[in-house]
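Quick notes on the structure that follows.
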Amino acid sequence: MAEVVIVPTPAAGGEIVADEIVRLVRSTPTAVLGLATGSTPLPVYEALRPRLAGVDVSQVRGFALDEYVGIEPRHPESYRAVITREVVEPLGLDPDRVQVPDGSLDGIEHAGSDYEAALRTAGGVDLQILGIGTDGHIGFNEPGSSFASLTRVKTLTAQTREDNARFFDSIDQVPMHCITQGLGTILRARHLVLLAFGAGKADAVAGALEGPLSASLPGSAIQLHPHATVVVDEAAATALRFADYYRYTFANKPEWQGL
Ligand code: PGA
């Protein structure tokens, strides 16, 4: 099962994950990072900034999970713009080595298979950062997504559009469609690191970790992965049945194992 790490604050969660990413980049300078947008991964990117100073990141590659369809790449809330602003620029990554699914309407029919091909050519993702939606989505794989799904265009649920309206002037501006790595794509990454903070995520986290495997809760796909780490704060951990066990195993974990 996934390793669950319960942290006191999102900042502490960000530090643990950033330490693991730095270990990876130091040992594998050509590491391929799976990047996520949204509020949740921000503490990871913040903690990475000082930690990566002096580390050679020139060969690091990045692949974003998803993008809105039909939004201008220059729009400040396109995921291309968000990844550039929050990850590529502050961490000094090479923008040419960081890809985001192409959500332009022109060519959208083959944008999914193009992205799959680019991921394969890069040798796959070493460490995939994930958030989870209040409805249990990962990437933009909404409830009902196949565990075998690959990168493709999907329709956002009303809930997700509402959740993301805070980044736009109004909900009407939130795009209706997205292009997202599939659950099958995500499961190919060699290490999954899912983060969730706040009480609003507690049910989704408990369902994903301890509930039945179900396409109705896409996050439950992580139960299929041989190396998954879930980092949650106390508020997001409140519905976990085995929270005491997770604390006990993490406290007694041999240091050499890393995350
Ligand atoms: P959030 O979104 O990090 O902004 O809460 C997570 C997600 O929808 O995957």
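The values are calculated or read from the model by the stated rules, or taken from the named source; none is laboratory data. Treat the numbers as computed from the prediction; the structure is a model and nothing was measured. Cβ coordinates were reconstructed from backbone atoms using ideal geometry, including for glycine residues, and neighbour counts include every protein chain displayed. For accessibility, only protein heavy atoms count, side chains too; no ligands or nucleic acids. Shrake-Rupley method; radii C 1.70, N 1.55, O 1.52, S 1.80 Å.
Data overview
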{"read-out": "Size of segment 1-149 as Cα extents on the principal axes (Å, biggest first)", "value": "40, 34, 29"}
{"read-out": "Relative contact order [Cα under 8 Å, 6+ residues apart], the chain, whole percent", "value": "24 percent"}
{"read-out": "Amide H contacts under 5 Å for Ala64, placed H, 5+ residues apart", "value": "Leu35, Gln99, Val100"}
{"read-out": "Inter-label distance for Gln159 and Glu72, nm, one decimal - labels placed 7 Å from Cα along Cα-to-Cβ", "value": "3.3 nm"}
{"read-out": "Global geometry of segment 105-157, whether rounded, prolate or oblate, following the gyration tensor of its Cα atoms and the 1.5 cut on a/c", "value": "oblate"}
{"read-out": "Projected label distance in nm at Arg166 and Ala239, using a 7 Å step from Cα toward the beta-carbon", "value": "1.8 nm"}
{"read-out": "Under the Karplus curve 6.51 cos²θ - 1.76 cosθ + 1.60, θ = phi - 60°, whole-Hz ³J(HN,Hα) for segment 144-158, x wherever Gly or Pro sits", "value": "x, 5, 5, 5, 9, 5, 10, 4, 6, 8, 10, 9, 6, 6, 4"}
{"read-out": "Kirkwood hydrodynamic radius of the chain, Cα pairs, Å", "value": "18.3 Å"}
{"read-out": "Amide hydrogen neighbours beyond the local backbone of Leu130, cut-off 5 Å, H modeled", "value": "Val193, Leu194, Leu195"}
{"read-out": "Magnitude of the charge dipole, the chain, Cβ model with Lys/Arg +1 and Asp/Glu -1, debye to 20", "value": "580 debye"}
{"read-out": "Computed over segment 157-258, the ratio Rg/Rh where both radii use C-alpha atoms and Rh is Kirkwood", "value": "1.02"}
{"read-out": "Antiparallel bridge percentage (DSSP; both residues within the chain; nearest 5)", "value": "25 percent"}
{"read-out": "Nonlocal amide H pairs with Val4, under 5 Å, H built at 1.01 Å", "value": "Val230"}
{"read-out": "Highest-MSF residue in the chain out of Pro101, Pro50, Pro218 [GNM, Cα springs under 10 Å]", "value": "Pro50"}
{"read-out": "Per residue value of the accessible surface for the chain (all protein chains in place, 1.4 Å probe), Å²", "value": "44 Å²"}
{"read-out": "Equivalent ellipsoid, segment 66-215 (semi-axes from 5 times Cα gyration tensor eigenvalues, Å)", "value": "22, 20, 16"}
{"read-out": "Burial order of peptide ranges 51-58, 2-9 (average beta-carbon count within 10 Å, highest first)", "value": "2-9, 51-58"}
{"read-out": "Relative contact order [Cα under 8 Å, 6+ residues apart], segment 170-239, whole percent", "value": "40 percent"}
